[in-house]
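First the structure, in the form of structure tokens, and then the observations on it.
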Amino acid sequence: MKRREFITLLGSAAASWPLAARAQQTTKSRKVGVLHPGESTTVNMRVAAIREGLNGPDNQRDLSLDIIVRLADGDVSRLPALATDLVNNRVDAIVAAAPPAVQAAAGATTSIPVIAIDLESDPVASGFVRSLARPGGNVTGVFLDFPDFSAKCLQLLIESAPTLSGVGVLWDPSTGSLQLKAVQAAAQGFGINAQVFEARRAADIAEAFYALDRSSIQGILLLSSPLIAGNPQLIADIAIRRNLPTISLFPEIARAGGLLGYGPEIQDLFRQVGAMARKVLQGAKVAELPAERPTRFQLVANLKTAKLIGITLPSSILLRADEVIE
């Protein structure tokens with residue numbers, strides 16, 4: 001190659017470098033905020049599931065996507081300030097888990113899309129959306145809009161332990177009273193006593209179980225809450241030590257050693273929320289993006305735990321179970 005041709009080629013390449021650099025600089029790094037009332041030890045898996053949903057079916061990591069996580073560490077009073085921090089970080093969307101986080105995010109912005117995962121409240125009655133089909137504002141997401149679902153869990157617990165005359169109901173007040181009222185009405189219909197125990201932090205869970213020793217409670221229903229979902233092993237271990245049959249909305253607790261779990265796979269729900277956030281990042285209008293419900297429910301029965309606590313699970317439960325742990 002002649003010297004003049006080489007210099008011309010080099011000059012052309014050099015001229016293209018700034019254009020390439022400018023193109024890389026103008027590629028916007030999209031940011032998704034995650035607002036959660038829990039702690040990092042229990043939320044890391046949820047964030048990984050959100051990223052899987054954001055990346056799409058091919059599961060190829062989007063290098064221009066940043067996930068900014070803000071955790072309340074069990075103190076829901078911190079959520080409004082954390083939501084404001086995400087807004088100030090100019091995130092493109094906020095994934096908010098549980099009613100207090102959804103409320104905090106919706107209160108912090110009316111323009112940034114909020115993708116909720118809320119298994120505890122009625123989204124229309126709570127004012128989060130105008131309707132499930134057409135949310136109308138800046139909030140949509142995945143909602144378990146079945147008020148009687150917890151009552152169904154109570155029915156399964158009674159079916160598994162027919163001699164129950166009293167049941168403890170573990171309730172996180174930060175999630176609202178919708179599911180609690182449904183369970184109380186169902187308990188009255190079944191003719192059994194339902195005693196409510198409040199749990200706002202992990203230490204309250206242990207205290208509630210110990211309080212059962214001073215009552216006539218013979219089983220416990222764990223209502224839906226990020227606090228409950230985030231402490232499956234703690235709950236399972238205490239329940240076995242206390243010889244108490246339990247049921248919860250979270251199959252994870254039954255796999256950890258609880259007696260029964262009936263509900264959606266939580267990791268799948270966070271992937272589902274991530275996929276909804278991906279649609280928003282791709283241009284979908286959140287006001288027109290229909291709210292979704294969990295699509296699959298599993299009944300998990302832990303036969304090993306049943307034997308440890310002296311319960312004989314009826315065949316009606318075992319035949320319906322999607323998973324039996326032996």
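The values are calculated or read from the model by the stated rules, or taken from the named source; none is laboratory data. Model, not experiment: these values are computed from the prediction. Every residue, glycine among them, receives a Cβ derived from its backbone with ideal geometry; neighbour counts consider all protein chains shown.
The figures follow:
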| read-out | value |
| --- | --- |
| Hits in the range 155-183 (condition: buried (at least 20 other Cβ atoms within 10 Å of the Cβ), small (Gly, Ala, Ser) and out of contact with any Pro (no Cβ under 7 Å at 6 or more places or on another chain)) | 168 |
| Verdict on residue 123 being part of a loop (DSSP other than H, G, I, E, B) and within 17 Å of residue 175 (Cβ to Cβ) | yes |
| Entirely in the range 185-287, the strands (runs of 3 or more DSSP E) that have 2 or more residues that are among the aliphatic types (A, V, I, L, M) | 193-198, 220-222 |
| Tally, over the range 154-176, of residues that are outside any helix (DSSP H, G or I) and under 10 Å from residue 247 (Cβ atoms) | 2 |
| Some residue of the range 306-318 being out of contact with any Leu (no Cβ under 7 Å at 6 or more places or on another chain), under 25 Å from residue 56 (Cα atoms) and not hydroxyl-bearing (Ser, Thr, Tyr) | no |
| Residue pairs meeting the criteria (Cβ under 9 Å; at least 6 apart or on separate chains; first closer than 15 Å to residue 72 by Cα, in the range 100-112; second among the aromatic types (Phe, Trp, Tyr)) | 102/128; 103/128 |
| Selected residue [in the same structural domain as residue 37 (by TED's automatic domain parsing) and of a type in the set (A, V, I, L, M, F, W, C)] from 249, 281, 227, 221 | 281 |
| Residue tally, condition surrounded by fewer than 20 Cβ atoms within 10 Å (Cβ to Cβ) and either at pLDDT below 95 or of a type in the set (Gly, Ala, Ser) (or both), over the range 283-293 | 4 |
| Count of the range 94-125 residues which are farther than 23 Å from residue 183 by Cβ and surrounded by fewer than 24 Cβ atoms within 10 Å (Cβ to Cβ) | 7 |
